[in-house]
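Here the structure comes first, spelled out in structure tokens, and everything after it is commentary.
The values are calculated or read from the model by the stated rules, or taken from the named source; none is laboratory data. Since we're looking at a predicted model, the values are computed, not measured. Ideal geometry is used to build each Cβ from the backbone, glycine not excepted, and the neighbour counts take in all protein chains shown. With ligands, DNA and RNA removed, areas are computed over all heavy atoms of the protein, side chains included. Shrake-Rupley method; radii C 1.70, N 1.55, O 1.52, S 1.80 Å.
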Amino acid sequence: MRLFLAALLALAGNAFSQEVVKPIRGPVPIPEANPADTYRMERHDRILRRSHAWQPPIIPHNVKGYQITKNVNMCMTCHAAKNAPRTGATPVSGTHYLDRDNNLLPNISTRRYFCLQCHVPQFDAEPLVENTFKSPR
């Protein structure tokens, strides 16, 4: 039994002794303090073009402090289909109201509920790595 445990521990030790992964940003250090409050929001009076047809729209406003939990989704206060005409916000796509079997739901699907999984705020930031992608449009 001791021999078996020793062999198991040896195997487990080898699993954690792999080489360190090299980040794609290279040797650029990550600052100790993240000045997240200092970013500059992109102009929200113009919507940035999408890079490809299936790219989710970029959020053209600040979302700092927006609460999205299993009980509350601040985005839907303005962007729900029933609220958008009143608020002037872009309504979420009709696909967000379909379940996985394409049944229409009265409220946004739980599959699409956490907006920031796909949508990100647009802001002025330099890329972390070189990007030579050109939009086809």
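Quick check: anything in segment 123-131 aromatic (F, W, Y) and open to solvent by 40 Å² or more (accessible area, probe 1.4 Å)?
Within segment 123-131, one or more residues are aromatic (F, W, Y) and open to solvent by 40 Å² or more (accessible area, probe 1.4 Å).
Considering each residue of segment 70-93, count those that are open to solvent by 50 Å² or more (accessible area, probe 1.4 Å) and at negative phi, and give that number. Quick ask: steps written out before the conclusion?
Of the residues in segment 70-93, the ones open to solvent by 50 Å² or more (accessible area, probe 1.4 Å) are 70-72, 74, 77-78, 81-82, 85-88, 90-91, 93.
Next, from what is left, pick out any that are at negative phi: 70-72, 74, 77-78, 81-82, 85-87, 90-91, 93.
Adding up the residues that qualify gives 14.
What is the number of the single condition among (1) at pLDDT 85 or above; (2) exposed (fewer than 13 other Cβ atoms within 10 Å of the Cβ); (3) not in a loop (DSSP other than H, G, I, E, B) that D37 does not meet?
(1)
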